[in-house]
1. I'd like the full set of residues that are open to solvent by less than 100 Å² (accessible area, probe 1.4 Å) and of a type in the set (A, V, I, L, M), limited to the stretch 66-98.
2. Could you please tell me which pairs satisfy a Cβ distance under 8 Å, a separation of 6+ or placement on different chains, a first residue in the stretch 62-91 that is within 16 Å of TYR106 (Cα to Cα) and among the hydroxyl-bearing types (Ser, Thr, Tyr), and a second residue that is assigned to a loop (DSSP other than H, G, I, E, B) and open to solvent by 70 Å² or more (accessible area, probe 1.4 Å)?
3. Can you pull out the residues in the stretch 98-114 that are within 15 Å of ASN76 (Cβ to Cβ) and out of contact with any strand residue (DSSP E or B) (no Cβ under 7 Å at 6 or more places or on another chain)?
4. Among LYS119, LYS138, which is open to solvent by less than 90 Å² (accessible area, probe 1.4 Å), modelled with pLDDT under 95 and in a loop (DSSP other than H, G, I, E, B)?
5. Restricting the stretch 122-135 to residues that are of a type outside the set (A, V, I, L, M) and not in a loop (DSSP other than H, G, I, E, B), which is nearest to LEU108 (Cα to Cα)?
Amino acid sequence: VLCIYLTVELLKIIEVLHSIGIIHGDLKSDNCMIRFSHSKEWSDTYSRYGSDGWFNKSITLIDFGRAIDMTLFNQNAQFVSNWETDQQDCPQMNKHEPWSFEADYYGLASIIYTMLFGKYIEIKESTTGSVFLSHTLKRYWQLDLWNPLFNLLLNPYSRSDDSNIKLPL
């Protein structure tokens, strides 16, 4: 349940960043600070605003050293990394291919994977170019929640056009 809550909080943060044209570019668990401020009162219902206990629990992103303000570029601008990459960087960065918002999508997948598995993300690429997790999720986890989320985050631009999800998130 805690992993689901923190995932939702991360998704909300990234949605806001992307809506104002910011790519964080270096999302990983090391760059997340959990904020669990003390609360005297709690509500059974989660509220994004207000003074109940849930309002004091969230995540703060740090280290915006790789952040990109997309409002300064053409709407379809993409980038190629010129630094040494590792498994915490998206596949496009590791292959020196153009990337944009997928850096943050992969970072989200990486953070969620770390919360679930307790180690850095490990991925494989199929012959068709799709990316998937090297390890399968445990059968008693919420597979109907996690599998589609990982598939979307690891392959954000390969879904069918009839989806209701508009990228960037």
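1. Matches in the stretch 66-98: ALA67, ILE68, MET70, ALA77, VAL80, MET93.
2. Close Cβ pairs (under 8 Å, with a partner that is assigned to a loop (DSSP other than H, G, I, E, B) and open to solvent by 70 Å² or more (accessible area, probe 1.4 Å)) amount to SER81/HIS96.
3. Once the filter is applied, which keeps residues that are within 15 Å of ASN76 (Cβ to Cβ) and out of contact with any strand residue (DSSP E or B) (no Cβ under 7 Å at 6 or more places or on another chain), the stretch 98-114 yields only GLU102.
4. LYS119
5. It comes out as PHE132.
Yes/no matrix, rows are residues, columns are (1) farther than 22 Å from ASN155 by Cβ; (2) part of a loop (DSSP other than H, G, I, E, B):
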site	(1), (2)
ILE59	yes, no
ASP63	yes, yes
THR71	yes, no
GLN75	no, yes
TRP83	yes, yes
GLN88	no, yes
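The values are calculated or read from the model by the stated rules, or taken from the named source; none is laboratory data. This is a predicted model, so every value here is computed, not measured. Every residue, glycine among them, receives a Cβ derived from its backbone with ideal geometry; neighbour counts consider all protein chains shown. The area values use the complete protein model at the heavy-atom level, side chains included, leaving out ligands, DNA and RNA. Shrake-Rupley method; radii C 1.70, N 1.55, O 1.52, S 1.80 Å.
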